Amino acid sequence: MIGRSKQRLNSNRFKTGHKSQVIPGHVACGLVFWFDTMLSNLREQLKKHLERSLKEELPAMVDLPSVELDIPAEKIHGEFSCNIALKSAKLLQKPPFSIAEEFSAVVSQALPFNAELREKIDRIEVKKPGFINFFLTPKALYEIISEIFKEGNNYGRSKHGQDKMVQVEFVSANPTGPLSVAHARQAAVGDALANILNFIGFKVSREYYINDGGNQINLLGESIKCRAIELLGGTAELPENGYQGEYVKGMAQEFIAQNKIKILADINKQEPASFKNYGVDHLLAVIRKDLEDFNVHFDCWTNETKVATKESISAILDFLQKKGFLYEKDSALWFRSTDFGDDKDRVVRKSDGSYTYLLPDIVYHKNKYDRGFEKLINLWGPDHHGYIPRIKAAAQALGKNPDSLNVLIVQLATIYREGKPVSMSTRRGEFISLREVIDEVGVDAARFFFLMRHINAHLDFDLELAKKETPENPVYYIQYAHARIHSITQKAQEAGLKQKENNFSLLSAPAELDLIKKLGSFPDMLFVCYHELDPYALMQYLHELAMVFHKFYDQHRVISDDTDLSSERLALVNATKVVLANGLRLLGLSTPERM
């Protein structure tokens, strides 16, 4: 399973005010996955040391709970924290704090005999109500800088995904109008998530599903025809739920010019499907261009009309019928989705013989699996939340593990201009399009702001803030850190100063060590994104990294009369630049050298 529920992840958080970041991967669900990084390797070594020490000292405790190490959110609690004493309290029938003190003593006594750890663990502290906290020596942290320079653009990359084929299907807006900000948020999230999954070893295919069938396309064609009649001096009433935007009038004008229509009578000479076909082709070209300019590139554009054919629909009906998953009732054909946990069975063919949306969707998901994808990730809008159980049921009816299909609901975004929300309705044509946002605030700010909240949280997008070139604007704040380091590097080159390649023993100030620790947690943040199937953690990490860097820079001069110290600090800031650049690229943002 690619992602676990957020609730499951939160269950790993400390519940007592001793807050920790959730860095999954140790024992949950019996899966053990680690990035090959210094901090991760050190944490695994420490975990084994704890397990071995406790087992040797307490041989009778064969049922001792598994050891887990979390990374505390607050540095006063060290680099790693263990809650095994809390987990053992019921078993041992002793206060957690007493257990923690006993366990800490056992681990400390064994530490001098562990060659891998004895020079890397500075001290061990016990904190109420029963946490064992581990503090690293500066020497242990210096390895992070060397590792960053060794890996460069690949720092944080892993083979964790083992080249498993994953499909991320997102945006997939009906080609009935320009992309709205709701689609734009899905585009930013889906693209960044695909980047991260690729970076940690999955083979990801980005797919846009073109819903070019169904009544909404017919309504588009009728709307274009009505506007064309009006442009030629006639009168026509838009169909109910027709499209009213100015873009429809523009398409009608282009249709008239393209087909050399001179008079009203020429309208009826056009093929009935020509209006909708033109509309779909035109709007798809607009959508493709907007997405390309938004730095979102799809590997595959799949047409509903080419996948959900009469033949494929007939074949899936035969398959489901033979499996016993269909039955007739009230002259309609029903899918037994309750067999797979849905709250009620679903109609796939209405009494009038027409199909519901579910049937072509089942065909489409079968098509995905048939193409060899082991994991499917769908990004949908909040209006599709109730649709999840039935499509999960469909996957199981196809013989697939329901965990192979992840449906992510990306909440809507509200655009604010001058402090006031902008009303949006696609059919009425009252909306801000992706193109307008790009033109107004730029690609980087647009992408970043669409990622500024967890996907399951509503997003408020302040256009005025996104345009500011001040620290108040978070994307500017992060990119300015990257540009500032570039400026420092240039000044160092002019001064003939070279960065230190190893042995960073002079980096001992709290601000320096804090920055190194933050750099070391970058790979783990990618793991959080993977488990939550949400790039938000990376966006938040980059903002925190920029804060730690700016704090360091405000307190310490990089280039000074102390050549040795300057060369080590230069290495530190250049390592920071590498991590900032890697993170920005994964989010689809630029890495400016000047601001």
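Every number in this text was worked out from the coordinates using simple rules, so none of it is lab data. Quick caveat: nothing in here was measured; it's all calculated off a predicted structure. As a convention, Cβ positions derive from the backbone with ideal geometry for all residues, glycine included, and neighbour counts pool all protein chains shown.
Can you check how the C-alpha radius of gyration of the chain compares to 2.2 N^0.38 Å, as a plain ratio?
Working it through for the chain, the quotient is 1.15.
Peptides 351-358, 316-323: what's the order by average Cβ count within 10 Å, highest mean first?
Ranking the peptides 351-358, 316-323 by packing returns 316-323, 351-358.
Given 0.36 nm per residue, what is the gain on full extension from Tyr327 to Ala511 after removing their alpha carbon distance, in nm?
Length difference between fully extended and current span is 59.5 nm.
How many nm separate the modelled label positions at Phe113 and Phe135, each set 7 Å beyond the Cα in the direction of the Cβ?
In this crude label model, Phe113 to Phe135 measures out at 2.6 nm.
How high is the FRET efficiency between Glu246 and Arg594 when r is their beta carbon distance and R₀ equals 30 Å, given to the nearest 0.05?
0.20
Where nothing but the Cβ of Lys and Arg (+1) and of Asp and Glu (-1) is charged, how large is the charge dipole of the chain around its Cα centre, in debye to the nearest 20?
Magnitude of the dipole: close to 840 debye.
Straight-line reach from Lys368: which lysines fall under 24 Å, measuring Cα to Cα and dropping same-chain residues less than 8 apart?
Once the sequence-local lysines are set aside, what remains near Lys368 is Lys159, Lys164, Lys203, Lys306, Lys310, Lys322, Lys323, Lys392, Lys400.
Which order results if Met595, Met525, Met547, Met539 are arranged by neighbouring Cβ count within 10 Å, fewest first?
Final ranking by Cβ density, sparse to dense: Met595, Met547, Met525, Met539.
Treating the angle as unsigned and between 0 and 90°, give the value, to the nearest 10°, between the Cα long axis of helix 388-397 and the longest Cα principal axis of the chain.
Between the helix axis and the principal axis of the chain, the angle is about 90 degrees.
Give the Cα extents of the stretch 320-362 along the principal axes, in whole Å, largest first.
Projected onto the principal axes, the Cα atoms of the stretch 320-362 cover 27, 21, 20 Å.
Could you please state, rounded to a whole Å, how far the C-alpha centre of the stretch 49-121 is from the C-alpha centre of the stretch 189-251?
58 Å
Calculate, in nm to one decimal, what Glu74 and Ile409 gain on full extension: separation in residues at 0.36 nm each, minus their alpha carbon distance.
Computed gain between Glu74 and Ile409 is 117.5 nm.
Let's test the formula: R0 of 25 Å, r as the Cβ-Cβ distance of Glu292 and Lys159. What FRET efficiency results, to the nearest 0.05?
Once the sixth-power term is evaluated, E becomes 0.25.
Report the Stokes-Einstein translational diffusion coefficient (µm² s⁻¹, integer) for the stretch 120-227, Rh taken as the Kirkwood radius over Cα pairs, at 37 °C with viscosity 0.692 mPa s.
D, rounded to a whole number, is 174 µm²/s.
Classify the stretch 183-279 from the C-alpha gyration tensor, please: rounded if a/c falls under 1.5, else prolate or oblate depending on whether a/b exceeds b/c.
In terms of gyration-tensor shape, prolate.
Find the lysine pairs in the stretch 215-293 meeting two conditions, Cα atoms under 24 Å apart and a separation of 8 or more places or different chains, and report how many there are.
Close lysine pairs under the 24 Å cut-off: 14.
Of Phe255, Phe275, how do they rank once you tally other Cβ atoms within 10 Å and put the fewest first?
Phe255, Phe275
Have a look at Tyr530, Phe325, Ala575 and report the one farthest towards the positive end of the charge dipole of the chain, computed about the Cα centre with Cβ charges (Lys/Arg +1, Asp/Glu -1).
Value: Phe325.
So what is the 222 nm mean residue ellipticity for the chain from helices alone, if each DSSP H run of at least 4 adds -39500 (n - 2.57) and you divide by all residues, rounding to the nearest 500 deg cm²/dmol?
-15000 deg cm²/dmol
Give me the percent of DSSP beta bridges within the chain that run antiparallel, rounded to the nearest 5.
Here the antiparallel bridges make up roughly 55 percent for the chain.
With labels modelled as points extended 7 Å from the Cα through the Cβ direction, what inter-label distance (nm, one decimal) is found for Glu440 paired with Lys344?
With each label placed 7 Å out from Cα toward Cβ, I get 4.1 nm.
How big is the shadow of the Cα convex hull of the stretch 470-586, averaged over all directions, in nm²?
Hull-based average projected area comes out at 7.4 nm².
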